[in-house]
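Structure, as structure tokens:
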Amino acid sequence: MKTLQATSVIGDARLLAGLDQGRLDRQAHLWTHGAQPELTRAAYSELCEAVGLKGRGGAAFPVARKLASLPERGIEAVVVNGSESEPISRKDRMLLTLSPHLVLDGATGLAHALGAPHVLIAVHDAEAAMSVREAILERGDRLAIEVTETPGRFVAGEARAVLSALEGGPAVPPGRKVLPTQQGYHRRPTFLSNVETFAQLAVLARMGSRRFATTGVSAEPGTQLLTVAGAVQRPGVIETPIGVPLDTVLRYTGADPGPVLLGGYHGRWLPEASQQPLQGTGIVLALGADTCPLGEVHRVAQWLASQSAGQCGPCVFGLAGLADDFGRIVRGDTSGWYDAQRHLGLVPGRGACAHPDGAARFLASALEVFDDDLRRHLGENRGCGRPVHGVLEVSHG
Amino acid sequence: MTLWYVARAAGVVAMIMFTLAAALGIVSSGNRRPDRRFWLQYVHRSAAVTGLVLLIAHVFAVIADSNVEISPTVLLWPFGSGYRPFAMAVGTLALYGLVFATIAGAARGRLARFAAFSRYWRTIHIAASVGWALSIGHALLAGTDRTAPWMLAISLSCLTAVVGAGFYRAHTYAPPTLVRAGRAR
Amino acid sequence: MARLEIDWTRCDGHGLCATLLGGDVALDEWGFPVLKGREITAGELPDARRAVLACPALALRLDKSVKGY
């Protein structure tokens, strides 16, 4: 597996500032970003509200609303979810590896403001974990900061699965829907968010809402991290203003023409590059034109089925069924298409986490966008004549 | 003297009811037909609750009756009975198991709100099996009529019914639709 | 209004809920419940309660306050 370390920037460098020199230690971090100001809880709420900051883990939940749903006192922990279980995404481990102090500033700053005694960091990547541990030793925070390595299964990155793993339990989502802000770490109120969210908080605390809002779109100002992968010349993590056109990103990274996947293996397909503004997505993958799209999707379907935690019937049987359906579609068996249509209706909303929903969204959008390929596979030739190159990576280290 | 008859009758019928509940529980847990299973479950629960009522009647009657000297303290300390101490101890332990399991079962709907209860429900329900087995032991050891052929026949039929249900269950065993690996259920 | 909720990590697909609540619950091809309407009216409440009690896996719940992220 390639470890993407190449970083580049379109527009302002905020989260990625100073990284052209490599990893920022404490001194380089302070030199680049300055010291973290001490803000109150009210100040954080106001800032997040003013710039409409959203969680960067995929669900795009407004941070201000998450803060508002926490009780006045008794907040147990601030949890940094760095498990990054989506196999294409690299942005979180990149931040933790190269700019750990920015993430730690965001997390400890908020923990002080909320009066939370614990900062817990869930990391899957060994290199990232080492970098964060090293960074903690350089700091003098008056807080209990803990780094825990969590397993790499797709559903292990879900917020409640991460909390369960941090408590020493299995890294699977519990069957009951509880909010971490009410019943989080050890059933106590907890603020949990994605790594990038904390880095954004650290930047926002330093810049203030007005300077923060000088880039991006008016409803959601600021920058975002994108992992660009697939058939591109310069894959890696890039920082762009929110709302940057997809075209610009693809041209900047030297992408081959062809279909584009937004948001990873729980995301959606686009038939080709467009002017569409990128907002609320962390992954851009160019498929290129010389691989068989349905064959690629079939491999991912098998992988998605294998990533089920095996807890919920509709996910276990539905995703296995869909993997089989897509196999038949690729081989030119029309019954596979009919079964897939039925199974896609039976999977969403029927699990303890959003894995079945995300997987169904990805597969449904493939059937919609790869319409022409479907006809070639289900028609006389029983295929599109292209091999499967494995542009969509499915191994996860 | 009437109380003594009530005590014995209630005890015997309670044992039959719990046997019925146990046998139906064993049979229904392997049944894959929902409509049939619903009725089996209904009779299973009714039998258990009837058994509980009769069991309480049995305990009250035995203590209140002057024929034998059984103090209410035996309910708190099962090993202190003057009258057939060993059989009384077995009976009291059976009482604990059955009352605990039946009350937990009756309150199952309300307690299901708590995640811990749902997780340990099957473990909790083992108390019923233990209680039932002890109640058969109590019947073979304690009753006035324990050596009478008809009473012996009832006790042994109860034992046979449950063992038979167990064989039936093992014979018709179908694995659950979803086998969850490595998870405490 | 009340709503049926399934704890999918507990559901074993016994199917008793669909027997009792044919109007609200169907079974999919693997035997797992599919909730149709999701809102339980006052008239259906007794049957819904019965279904909750009947579930052998304790996977069905009647939630009067439904929260979501």
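The values are calculated or read from the model by the stated rules, or taken from the named source; none is laboratory data. The structure displayed is predicted, hence computed values, not measured ones. Cβ coordinates were reconstructed from backbone atoms using ideal geometry, including for glycine residues, and neighbour counts include every protein chain displayed.
For segment A:140-160: of the residues being under 16 Å from A:V80 (Cβ atoms) and in a helix (DSSP H, G or I), which is nearest to the chain's Cα centre (by Cα)? Across segment A:140-160, the extreme among qualifying residues is A:G157. Against the numbered list (1) in contact (Cβ under 8 Å) with a residue 12 or more places away in the chain; (2) surrounded by 11 or more Cβ atoms within 10 Å (Cβ to Cβ), B:A174 comes up short only at (2). Going through segment A:156-197 one residue at a time, which ones are surrounded by fewer than 24 Cβ atoms within 10 Å (Cβ to Cβ) and among the β-branched types (V, I, T)? Those that are surrounded by fewer than 24 Cβ atoms within 10 Å (Cβ to Cβ) and among the β-branched types (V, I, T): A:V178, A:T181.
Among the residues of segment A:310-351, those that are among the aromatic types (F, W, Y) and more than 8 Å from chain C (Cβ to nearest Cβ) comprise A:F326, A:W337, A:Y338. Looking across A:L110, A:L96, A:L137, A:L102, one residue alone is without any contact (Cβ under 8 Å) to a residue 12 or more places away in the chain and part of a helix (DSSP H, G or I). It is A:L137.
Only one of the listed residues (B:G143, B:G166) is surrounded by 13 or more Cβ atoms within 10 Å (Cβ to Cβ), more than 30 Å from C:R10 (Cβ to Cβ) and either away from chain C (no Cβ under 14 Å) or of a type outside the set (S, T, N, Q) (or both). That residue is B:G143. Look at B:R84 and say whether it is surrounded by 14 or more Cβ atoms within 10 Å (Cβ to Cβ), over 19 Å from the mean Cα position of the chain (by Cα) and at positive phi. So B:R84 fits the description; yes. Do we find that A:V249 is assigned to a helix (DSSP H, G or I), of a type in the set (V, I, T) and surrounded by 20 or more Cβ atoms within 10 Å (Cβ to Cβ) in this structure? Answer is yes for this residue. Inspection of segment A:161-171 finds a residue satisfying the criterion of being of a type outside the set (A, V, I, L, M), assigned to a helix (DSSP H, G or I), closer than 21 Å to A:K66 by Cα and within 13 Å of another protein chain (Cβ to nearest Cβ). Considering segment B:146-156, the residues that are assigned to a helix (DSSP H, G or I) and surrounded by fewer than 13 Cβ atoms within 10 Å (Cβ to Cβ) include one that is modelled with the highest pLDDT, namely B:A153. For segment A:301-324, a residue qualifies if it is crowded, with 24+ Cβ neighbours inside 10 Å and of a type outside the set (S, T, N, Q), and the qualifying residues are A:A301, A:L304, A:A309, A:C312, A:G313, A:P314, A:C315, A:G318, A:L319, A:L322. The condition of being assigned to a loop (DSSP other than H, G, I, E, B), more than 19 Å from the chain's Cα centre (by Cα) and not acidic (D, E) holds for only one of A:Q275, A:Q302, that being A:Q275.
Is it true that A:R386 is among the basic types (K, R) and at positive phi? No: the conditions fail for A:R386. Using the structure shown, decide if B:V68 is of a type outside the set (K, R) and within 14 Å of chain C (Cβ to nearest Cβ). Criteria not met by B:V68. Kindly evaluate B:F79 against the criterion of being closer than 16 Å to B:G137 by Cβ and surrounded by fewer than 17 Cβ atoms within 10 Å (Cβ to Cβ). Yes, satisfied. For A:E220, indicate whether it is under 21 Å from the mean Cα position of the chain (by Cα), more than 14 Å from every other protein chain (Cβ to nearest Cβ) and acidic (D, E). Yes, satisfied. Restricting attention to segment B:42-74, the residues being more than 26 Å from B:I26 (Cα to Cα), in contact (Cβ under 8 Å) with a residue 24 or more places away in the chain and either part of a helix (DSSP H, G or I) or touching a strand residue (DSSP E or B) at 6+ places or on another chain (Cβ under 7 Å) (or both) number 5. Pairs please, first residue from segment B:2-13 and closer than 12 Å to B:V59 by Cα and without any contact (Cβ under 8 Å) to a residue 40 or more places away in the chain, second anywhere and aliphatic (A, V, I, L, M) and crowded, with 16+ Cβ neighbours inside 10 Å, Cβ atoms under 6 Å, 6+ apart in sequence or on different chains. Cβ pairs passing all conditions: none. Scanning segment B:14-41 for residues that are free of Cβ contacts under 8 Å to residues at least 24 places away in the same chain, under 17 Å from C:A57 (Cβ atoms) and surrounded by fewer than 15 Cβ atoms within 10 Å (Cβ to Cβ) yields one hit, B:R33. Taking segment A:338-382 as the range and being assigned to a loop (DSSP other than H, G, I, E, B), on the phi < 0 side of the Ramachandran plot and among the small types (G, A, S) as the test, the residues that pass are A:G351, A:A352, A:A354, A:G379.
Within this structure, A:A255 fails the test of being in contact (Cβ under 8 Å) with a residue 12 or more places away in the chain, in the same structural domain as A:L47 (by TED's automatic domain parsing) and of a type in the set (G, A, S).
For segment A:36-57, the count of residues that are under 24 Å from A:A156 (Cβ atoms), of a type in the set (D, E, K, R) and in contact with a Phe, Trp or Tyr (Cβ under 8 Å, 6 or more places away or on another chain) is nonzero. Number of residues in segment C:2-26 that are within 14 Å of chain A (Cβ to nearest Cβ), part of a strand (DSSP E or B), surrounded by 16 or more Cβ atoms within 10 Å (Cβ to Cβ) and of a type outside the set (D, E, K, R): the value is 3. Within segment C:37-58, being more than 10 Å from the chain's Cα centre (by Cα), free of Cβ contacts under 8 Å to residues at least 40 places away in the same chain and either in a loop (DSSP other than H, G, I, E, B) or within 13 Å of chain A (Cβ to nearest Cβ) (or both) holds for one residue alone: C:G37.
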